[in-house]
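For reference, the structure discussed in these notes is given below.
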Amino acid sequence: MTVFILFQTDIYKTRASRVFFGAFSSEVQAIDHAKENGLYTHNAEVVIIECKVDKIGEV
């Protein structure tokens with residue numbers, strides 16, 4: 001199973017600036033949630049990471 005993790009970050013996409021906004025079952029749902037909540041701005045970026053469930057690793 002795959003989940004999609006939604007983050008908002010600064011324009012440089014540094015890991016330290018990531019803010020978690022949710023885990024979704026599809027990329028489309030993650031994008032829709034980001035649009036509905038105004039995460040796309042001129043001074044921020046949206047990052048969606050695809051992750052496999054039941055695996056360990058750094059995101």
query = When segment 28-53 is examined, which residues are found to be within 12 Å of the chain's Cα centre (by Cα), under 10 Å from Phe4 (Cα atoms) and open to solvent by 60 Å² or more (accessible area, probe 1.4 Å)?
reply = Val28, Gln29, Glu50
key: Number of the condition not met by Gly57 [criteria: (1) modelled with pLDDT under 95; (2) within 14 Å of the chain's Cα centre (by Cα)]   = (2)
ask   = Of all residues in segment 3-27, how many are of a type outside the set (S, T, N, Q), surrounded by 13 or more Cβ atoms within 10 Å (Cβ to Cβ) and in contact with a Phe, Trp or Tyr (Cβ under 8 Å, 6 or more places away or on another chain)?
value = 10
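The values are calculated or read from the model by the stated rules, or taken from the named source; none is laboratory data. Predicted, not measured: the structure shown is a model, and the values here were computed from it. Note: ideal-geometry Cβ built from the backbone for every residue, glycine included; neighbour counts use all protein chains shown. All accessible areas refer to the heavy atoms of the entire protein, side chains included, with ligands and DNA or RNA removed. Shrake-Rupley method; radii C 1.70, N 1.55, O 1.52, S 1.80 Å.
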